[in-house]
1. Under 24 Å Cα to Cα from Lys209, which lysines show up? Leave out anything in the same chain fewer than 8 places away.
2. Once you wrap a convex hull around the alpha carbon atoms of the chain, what is its projected area averaged over all directions, in nm²?
3. Multiplying the sequence separation of Glu194 and Arg139 by 0.36 nm and subtracting their Cα-Cα distance, what value in nm do you get?
4. Check Phe154: other-chain or 5+ apart residues with amide H under 5 Å from its amide H, H built from backbone geometry?
5. Could you work out Rg/(2.2 N^0.38 Å) for segment 132-213, with Rg from alpha carbons only?
6. Through the Karplus equation 6.51 cos²θ - 1.76 cosθ + 1.60, θ set to phi - 60°, convert the phi angles of segment 212-225 into ³J(HN,Hα) values in whole Hz; use x for Gly and Pro.
7. For every helix of n ≥ 4 consecutive DSSP H residues, a contribution of -39,500 (n - 2.57) applies; sum these over the chain, divide by its total residues, and give [θ] at 222 nm rounded to the nearest 500 deg cm²/dmol.
8. What size of dipole, in debye to the nearest 20, comes out for segment 27-127 about its Cα centre when the only charges are +1 on Lys and Arg C-beta atoms and -1 on Asp and Glu C-beta atoms?
Amino acid sequence: MIKMMTLGLVMGLMLAMAGGCYMVNGEAPTNQQKADRLANGVELASGAAAWPSVQSIGFTFVVRDGDVVKVSRNHLWNMKAGTDTVSAGDKVTTIDLKNVDMNDPAQADAFKAWTNDSYWLLMPLKLFDGGVKREYMGRREVQGKEYEVLHLSFDNVGMTPGDQYNLYVDPLTSLVTYWDYMPNPDTTMLATWEQYRHDQGLVLSTYHKMGAKVITIENLSVASE
């Protein structure tokens, strides 16, 4: 992941040096170039320059439906060791993220939790991960404001490769304000990306409202070199 994010940072810096314009032989940018330019802006605004220095991240992933807590999981993700320790109730599991035994139910459950929960935390820094396909969708209005829209789909990667997303990017801040989560062609769920926190150079959303559910990132702690 660090390798991919570093690549995104380099691409973003190249764009900044060029004034943010892709011009090839005087031709207008392609859709892919527009998508990559928008994605680079999101990564840079979200702290891609600081990511390679991050040693560990601790956080609690919480899902509430009304006043009822449906999910509460603690994570201590050690980037240097390549491990994540997942705690839910009295169940604690530490997994080697590069060598997960999916035949072990405890490891499989922990890996699924890490995959889901860390994506809600770090999606804006994962736009250039391997297998991620980006498409520029133009501008759309949500709640009376126009956003740049970046469509994400996946080339047989991740736990749910069929999922797709539309990211609504604030043109002033380059931060994601909403996304459409589309687990299948007939279902679209709009979620907010709010309450951004600045920690060790990262800029991370800690509050998401999706219908009646609220997803929060609590007890966030980032340790860097």
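1. Within reach: Lys70, Lys112, Lys126, Lys145.
2. That works out to 13.6 nm², a quarter of the Cα hull's surface.
3. Gain in length upon complete extension: 17.8 nm.
4. Under 5 Å from the amide H of Phe154: Lys133.
5. Normalised by 2.2 N^0.38 Å, the Cα Rg of segment 132-213 equals 1.14.
6. With coefficients 6.51, -1.76 and 1.60, one gets 7, 9, 10, 10, 10, 9, 10, 6, 6, 9, 10, 10, 10, 5 Hz.
7. Details: 3 runs with 50 residues, N = 225.
Result for the chain, helices only: -7500 deg cm²/dmol.
8. On the way: 10 positive and 12 negative charges, 38 e Å.
That gives segment 27-127 a dipole magnitude of about 180 debye.
The values are calculated or read from the model by the stated rules, or taken from the named source; none is laboratory data. Note that the structure is predicted; figures quoted are calculated from it, not measured. Here Cβ is always computed from backbone atoms with ideal geometry, including for glycine, and neighbour counts include all displayed protein chains. Surface accessibility is based on the protein's heavy atoms, side chains included, excluding ligands, DNA and RNA. Shrake-Rupley method; radii C 1.70, N 1.55, O 1.52, S 1.80 Å.
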